[in-house]
Amino acid sequence: QVQLVESGGGLVQAGGSLRLSCRASGGIRSITHMGWYRQLPGKERELVATVPASSTPTYADYLKGRFTIFRDTAKDAVYLQMNSLVPEDTAVYYCRAFLSTWTTGYQTYWGQGIQVTVSP
C-alpha cells in the first residue's frame, strides 16, 4: 500500500534549523506533485511549499525565503529545509503527494504529520 513516511521534526530554539524528509513507497508509477503543508494550532491546514511535475517550486508568501523545498524524483522523496525558525512556525507538518500506482489511478496521499515546535 502507498505510504508517505515523514521524519526530521522535533523541538528547536528560535533561529535554528530543521530538515523534514518524506519518502513515498508502495508500487508507485508516477508522482506529479509533492509538497508540504502545515496546520498551526487552532488553524486550518495551509500550503507551505509544493513541487509540481515539470515546474519550479511554489512557496507560501509568509515564508519570506526561509524555507527551501527539494525533491528527489529517483527516491520518490521530498525535503523541506527550514531555516531561521520562529515560534510562529510551530505546527504539525504534513507531506502530500499526488501519485498513481501500477494498480490505481492518481490520488492524493497524506503523511501522518510530524510535529515541529519552535521555542522562543
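A DSSP coil position with no more than 13 other Cβ atoms inside 10 Å describes the following GluC sites (Glu not before Pro) in segment 1-110: Glu44.
Who wins for biggest fluctuation among Gly16, Gly42, Gly105 in a Gaussian network model of the chain, springs between alpha carbons below 10 Å? Most flexible of the set in this elastic network: Gly42. Normalised by the number of residues in the chain, the mean separation of alpha-carbon contacts (under 8 Å, six or more apart) gives a relative contact order of 36 percent.
Ligands, DNA and RNA are left out, and with a 1.4 angstrom probe the accessible area of the chain is 54 Å² per residue.
Per-atom-type breakdown for segment 8-120 gives carbon and sulfur 51% of the accessible area (1.4 Å probe, protein chains only).
Could you compute the longest span of the chain free of chymotrypsin sites (Phe, Trp or Tyr not before Pro) located in DSSP loops and having at most 15 other Cβ atoms within 10 Å, not counting the site residues? Could you put the intermediate results ahead of the total?
Numbers: sites that count: Trp102, Tyr106.
The longest such stretch corresponds to 1-101.
Counting Lys +1, Arg +1, Asp -1, Glu -1, what net charge surrounds Pro41 among other residues with beta carbon under 13 Å of its beta carbon?
-1
Each Lys and Arg adds +1 at its Cβ and each Asp and Glu adds -1 at its Cβ; summed about the Cα centre, the chain shows a dipole of about 180 debye.
The values are calculated or read from the model by the stated rules, or taken from the named source; none is laboratory data. As the structure is a computational prediction, the values presented were derived from the model and not from experiment. Virtual Cβ from ideal backbone geometry, glycine too; neighbours counted across all protein chains shown. With ligands, DNA and RNA removed, areas are computed over all heavy atoms of the protein, side chains included. Shrake-Rupley method; radii C 1.70, N 1.55, O 1.52, S 1.80 Å.
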